[in-house]
Amino acid sequence: MAGVLILVRHGQSQWNLEDRFTGWTDVPLTDTGRAEARTAGDTLKTYRFDRAFTSLLSRAYETLQIILDVTGQPDVPIERDQALNERHYGDLQGLNKAKTAERLGRDIVFAWRRSYDVAPPGGESLKDTQARIWPYYRARIEPLVIAGQTILVVAHANSLRALVVALDDIPPQDVPDLHIPTGVPRRYVLNSAGVILERGYL
């Protein structure tokens, strides 16, 4: 029996709205972000989840709660773990992205934001983020999916980018083009051997 993995990036947060580097700073969703979460829930109404996973940050947890409420599944067991947190942006956290690019240079800021292995000062690269999320996924999430369960993961732009890079075997040179939209569920279907049979956005 095939299992299903659903990935959802949390809705717009206050610092997304303000174009600031957020990282591990715990900022709330905006009303737009909550609406995005409700839309994701509407998309997922036909799915029955066995378990859900999210980060320790409230914007992801609230998105997950909204999705479960909209789908009529508020009692789905939830596991929260730091491994699913957004990448840590180090010294950039709280700074405006556009102003930082103007001050320090667009090329280096683009590399910090979009590349695979360039880390911002005091922070994590996407490769660093993948080094914590992939072992967690293999140990805690994948065994449930290949056992035939339907699993929901609600996390962040870069923690999900790191996971998708591994799941889709995306080479480092193509990573800058990888974008995870807010509130749009991405589905993977895996067989009992862990082979991905289907993938794509819903």
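Each reported figure results from applying straightforward, stated rules to the coordinates on display, with no laboratory input. Not measured: the values here are computed from a predicted model. A quick note on method: Cβ atoms are made from the backbone with ideal geometry, for glycine too, and the neighbour counts reach across all protein chains shown.
The modelled label-to-label distance between residue 98 and residue 147, using points 7 Å beyond Cα along the C-beta direction, is 4.9 nm.
Of all beta bridges DSSP finds with both residues in the chain, what is the antiparallel percent, to the nearest 5? Intermediate values should be presented prior to the final figure.
Numbers: 12 of 26 bridges.
If we restrict to bridges inside the chain, about 45 percent are antiparallel.
What is the helix-to-structure angle for 31-43, meaning the angle in degrees between its Cα long axis and the longest Cα principal axis of the chain, kept from 0 to 90 and rounded to the nearest 10? The angle comes out at about 30 degrees.
With semi-axes defined as the square roots of five times the eigenvalues of the C-alpha gyration tensor, the equivalent ellipsoid of the stretch 39-100 measures 29, 14, 8 Å, largest first. With viscosity 1.567 mPa s and temperature 4 °C, the Kirkwood radius over alpha carbon pairs of the stretch 160-201 converts through Stokes-Einstein to a diffusion coefficient of 114 µm²/s.
By counting other Cβ atoms within 10 Å of each Cβ, how are 21, 110 ranked from fewest to most?
On the way: 21 23, 110 13.
Result, fewest neighbours first: 110, 21.
Give, as a single signed number, the net charge of other residues whose beta carbon lies under 14 Å from the beta carbon of residue 83, with Lys and Arg counted +1 and Asp and Glu -1. Combined, the nearby Lys, Arg, Asp and Glu give -1.
Shown for 178, 7, 104: other C-beta atoms within 10 Å of each C-beta, ranked fewest to most, produce the order 104, 178, 7.
When Rg and the Kirkwood Rh are both derived from Cα coordinates, the Rg/Rh ratio for the stretch 20-60 amounts to 1.03. Distance from the Cα centroid of the stretch 36-50 to that of the stretch 107-181 is 22 Å (rounded to whole angstrom). Which residue fluctuates most in the GNM of the chain (Cα springs below 10 Å): 95, 29, 160? Its mean-square fluctuation being the largest, the pick is 95. The average projected area of the chain, computed from the convex hull of its Cα atoms over all directions, is 10.3 nm².
Once the Cα atoms are used to define both axes, helix 126-136 deviates from the longest principal axis of the chain by about 20 degrees.
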